[in-house]
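Written out below as structure tokens is the structure these notes cover.
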Amino acid sequence: MKILAFAGSSSSTSINRELVKFVLKDFQEHEINLIDLNDYTMPVFSVDLEKKGFPDEARQFLNVIETCDVIICSLAEHNRSYSAAFKNVFDWASRINVKVFQNKPMLLMSTSPGGYGGGNVMNTAKTFFPQSGADIKETFSLPKFYENFDLESGIIQPELLKEIKDKIESFKNQVESLKDN
């Protein structure tokens, strides 16, 4: 199985990237492509710029989605919404292919320093991503990242660790059943 993984953040110290890396430890037997949104930096989307053509980075982003079997991502929440970096990549890519996620199964996550764990961006994405071709199989929000996550050990709060492990197992089972059909 080919896994595309990314954090919806351009921060070099992204806590969402740390969450993705932690979850990927349960997928080591698969081919993993962990991308960085900084490799897809483009001008801020506008219809005026679109008239001049699409940036290569937008096509490259769509290509990595096309070549994967599943997507694992964790969205950063900025002011109760997507980060500007993710939104811009998404905006450009969606003008080329409105089904950006190309009907790929997705494990969708979010985390934040606050108690809601990026819940606002998660709720938005759960509603909007399926319209953009995401087949969301499981979701997970990690609240209070700095209290519940250790960079060496990962999720340290037992109930949250059990929750993510159960969701990873469910995600794997759902993806396997798709392959069997």
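I want to confirm something. Restricting to segment 136-150 and keeping residues that are among the aromatic types (Phe, Trp, Tyr) and open to solvent by less than 50 Å² (accessible area, probe 1.4 Å), which single residue is nearest to Asp56 (Cα to Cα)? Result: Phe140.
Listed here are the helices (runs of 4 or more DSSP H) enclosed by segment 1-73 that have at least 2 residues being under 21 Å from Pro113 (Cβ atoms) and touching a helix residue (DSSP H, G or I) at 6+ places or on another chain (Cβ under 9 Å): 15-24. Hey, any hits in segment 40-54 for a residue that's free of Cβ contacts under 8 Å to residues at least 12 places away in the same chain and closer than 20 Å to Ser10 by Cβ? Yes, the conditions are met somewhere in segment 40-54. On inspection, Ile65 does not qualify as open to solvent by 20 Å² or more (accessible area, probe 1.4 Å), touching a Leu at 6+ places or on another chain (Cβ under 7 Å), over 30 Å from Gln157 (Cα atoms) and at pLDDT 95 or above. For segment 95-135, the candidate set comprises residues that are within 14 Å of the chain's Cα centre (by Cα) and among the β-branched types (Val, Ile, Thr); within that set, the residue that is surrounded by the fewest Cβ atoms within 10 Å (Cβ to Cβ) is Thr124. For segment 101-153, a residue qualifies if it is aliphatic (A, V, I, L, M) and within 25 Å of Val89 (Cα to Cα), and the qualifying residues are Met106, Leu107, Leu108, Met109, Val121, Met122, Ala125, Ala134, Ile136, Leu142.
The values are calculated or read from the model by the stated rules, or taken from the named source; none is laboratory data. In this text the structure is predicted, and so the values were computed from the model without any measurement. Positions of Cβ are generated from backbone atoms using ideal geometry, with glycine treated the same way; all protein chains shown enter the neighbour counts. These area figures cover heavy atoms from the full protein model, side chains too; ligands, DNA and RNA do not enter into them. Shrake-Rupley method; radii C 1.70, N 1.55, O 1.52, S 1.80 Å.
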